[in-house]
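Let me begin by presenting the structure, written as structure tokens, before commenting on it.
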Amino acid sequence: MSKDYYKVLGVDKNASAEDIKKAYRKMAHQHHPDKPGGSEEKFKEINEAFQVLGNQEKRQKFDQYGADFEQQGGFGG
């Protein structure tokens, strides 16, 4: 099952970089594992989503190929 990072952060696919950053900060603060009711698993998922959507190149690849974009090539080390 592929992940929808836009859904994870609660933003639209047309969201600006600033909107994505704001959503990330809000969600990370809300779900931080050190906060009451926080979730380490959810926090990791939010961070993963921001690592992709917060990077213009990775975001373009994600939009083109979906969550499996890293297996599509172009990110070899």
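The values are calculated or read from the model by the stated rules, or taken from the named source; none is laboratory data. No experiment lies behind these values; they were computed from the predicted model shown. Backbone-built Cβ (ideal geometry, glycine too); neighbour counts: all protein chains shown.
Looking at GLU45, GLU41, GLU57, which one is modelled with pLDDT of 95 or more, surrounded by 12 or more Cβ atoms within 10 Å (Cβ to Cβ) and not in a loop (DSSP other than H, G, I, E, B)? First the steps, then the outcome.
Values: GLU41 fails: surrounded by 12 or more Cβ atoms within 10 Å (Cβ to Cβ); GLU57 fails: surrounded by 12 or more Cβ atoms within 10 Å (Cβ to Cβ).
That would be GLU45, the only listed residue that is modelled with pLDDT of 95 or more, surrounded by 12 or more Cβ atoms within 10 Å (Cβ to Cβ) and not in a loop (DSSP other than H, G, I, E, B).
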Revision key, fill the gap. Considering region 1-38, residues that are part of a helix (DSSP H, G or I) and among the β-branched types (Val, Ile, Thr), and then whichever is nearest to TYR65 (Cα to Cα), we arrive at VAL8
Exercise for review: Kindly indicate whether LYS3 is surrounded by 13 or more Cβ atoms within 10 Å (Cβ to Cβ) and modelled with pLDDT under 95.
Suggested key: yes
Revision key, fill the gap. Per the filter on region 26-73, residues over 18 Å from ASP4 (Cβ atoms) and in contact (Cβ under 8 Å) with a residue 60 or more places away in the chain are none
Practice item. Could you check how many residues of region 11-27 are surrounded by 14 or more Cβ atoms within 10 Å (Cβ to Cβ) and farther than 17 Å from GLN56 by Cβ? Key: 1
Practice item. Could you tell me which numbered condition GLY66 fails, if it satisfies all but one of (1) touching a helix residue (DSSP H, G or I) at 6+ places or on another chain (Cβ under 8 Å); (2) on the phi > 0 side of the Ramachandran plot? Key: (1)
